[in-house]
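Heads up: the structure comes next, in structure tokens.
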Amino acid sequence: MIKIDIRKKIAGFTLDVELEFGREFVALTGTNGSGKTTLLRLISGL
């Protein structure tokens with residue numbers, strides 16, 4: 001099981017993300033500008 005809790009303040013906006021994954025395949029999808037890369041950078045610590 002993987003648990004991820006992230007809180008990031010960006011330009012006056014606070015992003016709170018809580019994710020929990022079991023033993024399954026996970027895909028991150030969304031439109032351009034929806035924050036996919038930002039989320040991956042937060043998870044990786046960049």
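Worth a mention:
- Residues that are touching a strand residue (DSSP E or B) at 6+ places or on another chain (Cβ under 7 Å) and either among the hydrophobic types (A, V, I, L, M, F, W, C) or modelled with pLDDT under 85 (or both), drawn from the stretch 2-29: Ile2, Ile4, Ile6, Lys8, Leu15, Val17, Leu19, Phe21
- Unique residue being of a type outside the set (Asp, Glu) and in a loop (DSSP other than H, G, I, E, B) when the list is Thr38, Thr31, Thr14: Thr31
- Sole exception among (1) surrounded by 10 or more Cβ atoms within 10 Å (Cβ to Cβ); (2) assigned to a loop (DSSP other than H, G, I, E, B); (3) in contact with a helix residue (DSSP H, G or I) (Cβ under 9 Å, 6 or more places away or on another chain) for Ile4, by number: (2)
The values are calculated or read from the model by the stated rules, or taken from the named source; none is laboratory data. Just so it is clear, the structure is predicted and the values come from calculations on it, not from any experiment. Neighbour counts are summed over all protein chains in view; Cβ atoms, including those assigned to glycine, are modelled from backbone coordinates with ideal geometry.
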